[in-house]
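Asker: Mind looking over this structure? Questions follow.
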Amino acid sequence: MSQQVLVFNSGSSSFKFSIFNAESHDLLLSGIAERLGQVDAEITFKTQTSKTTKQIPSADHETAISTLCNSLADFGLSFEDVAVVGHRVVNGGEAFSDSIVVTPENLSKLEQYNDFAPLHNPAAVLGIKVISTLFPALPQVMVFDTAFHQTLAPKAYLYPIPYYLYKDHSIRRYGAHGTSHRYVVNEAVQQLGLDPNDHQVISAHLGNGCSAAAVINGHCVDTTMGLTPLEGLMMGTRSGDVDPSLHQFLAKKMSWSIEQITNMLNKESGLLGLSGISNDMRTLVEARDSGNQQAGLAIDVFCFRLARQIAGLAASLTRLDALIFTGGIGENSEPVRAQALKNLAILGFEAEPEYNQKNGKQSNGLITKADSTPAIVIQTNEELMIAMDCLRLTK
Ligand code: AMP
């Protein structure tokens, strides 16, 4: 069997995994280990044709990774063929502007940034440590969601607050979804025949979390997310931008604690909060189409804020060659794309309804009229991007 790349995306009580063929880049196996540490912990394996779940009661990350390694034979694979392991890391702070092969030194550097992604970064570090204990000779690579945004200039990454908060405490805008933005921008440049050294595009990653980025010649120049995954666009349950005085206002008015307010902004806001129905765009579009006005209102605010932020990102460009839609909503929601483009007429967008309906669900492709500024749907593939980085760095 030819060599393979194993990709991990670790959370505090779960991890997703994918195994790619190192030559063809075909996805051979993927899956998820969930509810780790609990009695109903389980691991699910998916191939092109099958889905199998194994119960792993009370398994921790280490036990679940061992189960994964020992189960590969069930799918005609062997851990001995894994040549490199890649890990998604949510925040690499200012220390990492590209993916990197793991060493003890850079792993301890990463641990300094745990506070910026308290649920995700420690989980990635744990995954790396488990693999290096089980397979000490196997190279591992860290791929950072923030690395793509390290090309932002100070005018774009600084908050207008006292400078020592940046200098002494690293408080600045880091961005998010960088691996996805990088992947879809590369794909769009190829598919639209743009010059790799002379393009200016905006990428909108619209999933449960949402962010958009302005990119010149492959380098990010501005993005909507900031220090934490709350800034910028409205999301499934996250508010995105609100007045920074909201905490103080609500603390006084409702006697809520900082934790309660932060929880409300992260988990009870966005599409869910405004609609009162769901954080899922599918459900909201169906509800709106059956006459639910609150669902319609949530979608209107989502599309309005999306257009407003995209127009803001355009201020960093001197022309706009394309807008890219990706993520669960960007790839699948034809009405959201249509409404966002309508709100962006000022930038020369006009949707072509036939293309907008056809493209996205099954295929990547343009969704605008011939004389419009181009907008294109590109299916993201963060795992493949991580696998490609692993191969680039360990060749
Ligand atoms: P992601 O985080 O990229 O997996 O995106 C998940 C989100 O995509 C869901 O919460 C939905 O809001 C949205 N989504 C997925 N499929 C569809 C669809 N067919 N139509 C509209 N929204 C969708």
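The values are calculated or read from the model by the stated rules, or taken from the named source; none is laboratory data. Owing to the predicted nature of the structure, the values given are computational and were not obtained by experimental measurement. Every residue, glycine as well, gets a Cβ built from its backbone with ideal geometry; the counts of neighbours run over all protein chains shown. What goes into the accessible areas is simple: the full protein's heavy atoms, side chains included, and nothing from ligands, DNA or RNA. Shrake-Rupley method; radii C 1.70, N 1.55, O 1.52, S 1.80 Å.
Asker: Roughly speaking, what is the centre-to-centre gap between the range 1-36 and the range 218-259 when only Cα atoms are used, to the nearest Å?
Answerer: Computed from Cα coordinates, the inter-centre distance equals 32 Å.
Asker: Please list, in chain and number order, the residues 5+ apart from GLN3 or on another chain whose amide H is under 5 Å from its amide H, with Hs placed from the backbone.
Answerer: ALA22
Asker: At a 1.4 Å probe radius, which order do PHE148, PHE116 fall into by accessible area, largest first?
Answerer: PHE116, PHE148
Asker: Less than 26 Å apart at the alpha-carbon level, and either on another chain or at least 8 residues along: which lysines does that give for LYS252?
Answerer: LYS267
Asker: Given axes a ≥ b ≥ c from the Cα gyration tensor, I'd like to know whether the range 167-212 is rounded (a/c under 1.5), prolate (a/b larger than b/c) or oblate.
Answerer: Taking the square roots of the gyration eigenvalues as a ≥ b ≥ c, the range 167-212 is oblate.
Asker: Now a separate question. Pairs of Cα atoms under 8 Å, at least six residues apart: use those to get the relative contact order of the range 41-102, whole percent.
Answerer: Result for the range 41-102 is 19 percent.
Asker: Take PHE75 and LEU192, extend 7 Å from each Cα along the Cα→Cβ direction, and tell me the distance between the two endpoints in nm.
Answerer: 3.5 nm
Asker: Only loop residues by DSSP count here, and only those with at most 15 other Cβ atoms within 10 Å; note down the GluC sites (Glu not before Pro) in the range 307-395 that meet that.
Answerer: Counting only loop positions with at most 15 other Cβ atoms within 10 Å, the GluC sites (Glu not before Pro) in the range 307-395 are GLU350.
Asker: Just flag the GluC sites (Glu not before Pro) in the range 7-52 sitting in loop per DSSP whose Cβ has no more than 15 other Cβ atoms within 10 Å.
Answerer: Those that pass, being in a loop and sparsely packed, are GLU23.
Asker: When the helices in the chain are scored as -39500 (n - 2.57) per DSSP H run of 4 or longer and the sum is shared across all residues, what 222 nm value do you end up with, to the nearest 500 deg cm²/dmol?
Answerer: Result for the chain, helices only: -11000 deg cm²/dmol.
Asker: Calculate one ³J(HN,Hα) per residue across the range 326-343 by plugging θ = phi - 60° into the Karplus curve 6.51 cos²θ - 1.76 cosθ + 1.60, and present them in order as whole Hz with x for glycine and proline.
Answerer: Running phi through 6.51 cos²θ - 1.76 cosθ + 1.60 with θ = phi - 60° gives 8, x, x, 6, x, 7, 10, 9, 4, x, 5, 4, 4, 5, 5, 5, 4, 5 Hz.
Asker: Also: At 1.4 Å probe size, with no ligands or nucleic acids counted, give the accessible surface of VAL242 in Å², nearest ten.
Answerer: 70 Å²
Asker: Which ³J(HN,Hα) values, rounded to whole Hz and listed in residue order, are derived for the range 264-275 from phi using the Karplus coefficients 6.51, -1.76 and 1.60 in 6.51 cos²θ - 1.76 cosθ + 1.60 with θ = phi - 60°, glycine and proline given as x?
Answerer: Ordered by residue, 3J(HN,Hα) equals 4, 5, 8, 10, 10, 10, x, 4, 5, x, 6, 7 Hz.
Asker: Could you give each residue of the range 132-138 its phi-based ³J(HN,Hα) in whole Hz, using Karplus coefficients 6.51, -1.76, 1.60 with θ = phi - 60°, and x for Gly or Pro?
Answerer: Along the range 132-138, the couplings run 6, 6, 6, 9, x, 8, 7 Hz.
Asker: Just want the answer: with Cβ charges of +1 for Lys and Arg and -1 for Asp and Glu, which residue in ALA83, ALA59, LEU313 is farthest toward the dipole's positive end in the chain?
Answerer: LEU313
Asker: On to the next question. Could you tell me the center-to-center distance, by alpha carbons, between the range 333-395 and the range 92-129 in angstrom?
Answerer: For the range 333-395 versus the range 92-129, the Cα centre distance is 31 Å.
Asker: Assign one of three labels to the range 1-146, namely rounded, prolate or oblate, based on the Cα gyration tensor with a ≥ b ≥ c the square roots of its eigenvalues; rounded applies when a/c is under 1.5, prolate when it is not and a/b is larger than b/c, and oblate otherwise.
Answerer: Cα axes put the range 1-146 in the oblate bin.
Asker: Over the chain, what is the relative contact order in whole percent, taking alpha-carbon pairs under 8 Å and six or more residues apart?
Answerer: Worked out over the chain, it gives 13 percent.
Asker: Using modelled amide H (1.01 Å from N, peptide plane; none on Pro or chain starts), what sits under 5 Å from the amide H of ILE324, excluding residues fewer than 5 places away?
Answerer: Here the answer is ILE202, SER203, ALA204, ILE376, since their amide H atoms fall under 5 Å of that of ILE324.
Asker: What are the residues whose amide H is under 5 Å from the amide H of MET225, where those residues sit 5 or more places off or on another chain and H is modelled from the backbone?
Answerer: For MET225, the qualifying residues are ALA176, ALA212.
Asker: Would you mind classifying the chain by shape? Square roots of the alpha carbon gyration tensor eigenvalues, ordered a ≥ b ≥ c; an a/c under 1.5 is rounded, otherwise it is prolate if a/b is larger than b/c and oblate if not.
Answerer: Judged from the Cα gyration tensor, the chain comes out rounded (a/c under 1.5).
Asker: Relative contact order (percent) for the range 16-155, with alpha-carbon contacts under 8 angstrom and 6 or more residues of separation?
Answerer: Relative contact order, the range 16-155: 21 percent.
Asker: What accessible surface, in Å², does a 1.4 Å probe find on MET281, ignoring ligands, DNA and RNA and rounding to the nearest 10?
Answerer: Counting only protein heavy atoms, the figure is 10 Å².
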